[in-house]
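Data block below; observations after.
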Amino acid sequence: MKMSQAVPDDLLALDAPFVTEMMEITNYMWRFGWDERNGGNISYLLKEDEVKPYLDTSRVLRNIILDFPVKELANQFFIVTGSGKFFKNVTSKPSECLGIMRVSENGDSVDLLWGLTGDGKPTSELPAHFRSHIARLRQDSDHRVIMHNHATNIIAMTFTHELNEKSFSKTLWKMCTECIVVFPEGIAILPWMIPGTDEIGIRTAEKMERYRLVVWPHHGIFGAGNAIDDAFGLIETAEKAAQVYMLTSAHQGGIKQEITDEQLIALARAFGVKPNIDFI
Ligand code: 2HA
Ligand code: ZN
């Protein structure tokens, strides 16, 4: 048992494993060059039992109104990155760059319980995050994490590859043997849209009903998972495949051989995954 009486909440929360995980992963993502300036955001659904040892959940610091209702997430706890915060700084200023909050009973606001000091706000992409959580939870009750970043080669590929979900997914599958095993459903693509809006949130969440990876052309990628490692691993795998694509397609000699459709099918069979039948 933690002695929560003796230690102020703002210090105790720093011991929480989910805070450490957020500090670690944002740092990795920044070092990969995927989160320049304030690019990227993460939200991580927490269980009340995980939060309670580190935080007095009855102590609300302030209430933040949402202009999109999320009744489906009522009373759920999240740790999120803050709007305008730099991933580069999360490790040195966690309580400024991160926030722990609970969605209100009626789903039209959030109660801030920790962090986002100095009147910080949750990520500007909160509509896309919350709506994607709702969509993924409908598919998988173990779902926990929505992650967005500006993965460099995925963005590059949205300029040089046609923006068609089937051909984009197949190209990625063929770039690294493990891709079809990691994301057998393929990857979704939205049209170019203004970020931060409820509209892009709604469209992202529609795709999340069927996919765990959604590309925002000329902007970045969204990934969903049951854990930080899961969402990160998905994005990392897609980004690696995009990097191989960018390297090989830029090569003067062009691509001389590839993983064939038959080999993709054999891979899926060998690893017991069902590839998206619309794509192969
Ligand atoms: O600034 O990445 O999409 C944060 C973002 C917006
Ligand atoms: Zn972004």
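General remarks:
- For the residues Ile189, Ile155, the requirement of being farther than 22 Å from Gly82 by Cα, crowded, with 18+ Cβ neighbours inside 10 Å, touching an Asp or Glu at 6+ places or on another chain (Cβ under 7 Å) and not basic (Lys, Arg) singles out Ile189.
- Flag for Thr91 being in contact with a Cys (Cβ under 7 Å, 6 or more places away or on another chain) and under 26 Å from Asn38 (Cβ atoms): no
- Of the residues making up the stretch 33-50, those that are over 16 Å from Val145 (Cα atoms) and away from ligand 1 (no atom under 16 Å from the Cβ) number 1.
- Checking each residue in the stretch 21-36 for being in contact with a Gly (Cβ under 9 Å, 6 or more places away or on another chain) and surrounded by fewer than 24 Cβ atoms within 10 Å (Cβ to Cβ) picks out only Trp30.
Every residue, every condition in (1) loosely packed, with under 15 Cβ neighbours inside 10 Å; (2) touching a strand residue (DSSP E or B) at 6+ places or on another chain (Cβ under 7 Å); (3) modelled with pLDDT of 95 or more, yes or no:
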{"position": "Cys179", "(1), (2), (3)": "no, no, yes"}
{"position": "Val214", "(1), (2), (3)": "no, yes, yes"}
{"position": "His219", "(1), (2), (3)": "no, no, yes"}
{"position": "Ala224", "(1), (2), (3)": "no, yes, yes"}
{"position": "Lys240", "(1), (2), (3)": "no, no, yes"}
{"position": "Arg269", "(1), (2), (3)": "yes, no, yes"}
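- Residue within the stretch 76-94 that is more than 22 Å from Asp119 (Cα to Cα), surrounded by 17 or more Cβ atoms within 10 Å (Cβ to Cβ) and either of a type in the set (Phe, Trp, Tyr) or modelled with pLDDT of 95 or more (or both) present: no
- Considering each residue of the stretch 73-88 in turn, at least one proves to be out of contact with any Gly (no Cβ under 9 Å at 6 or more places or on another chain), within 16 Å of ligand 1 (Cβ to nearest atom) and under 24 Å from Ala16 (Cα atoms).
The values are calculated or read from the model by the stated rules, or taken from the named source; none is laboratory data. What you are looking at is a predicted structure, and each value in this text was computed from that prediction instead of being measured. Every residue, glycine among them, receives a Cβ derived from its backbone with ideal geometry; neighbour counts consider all protein chains shown.
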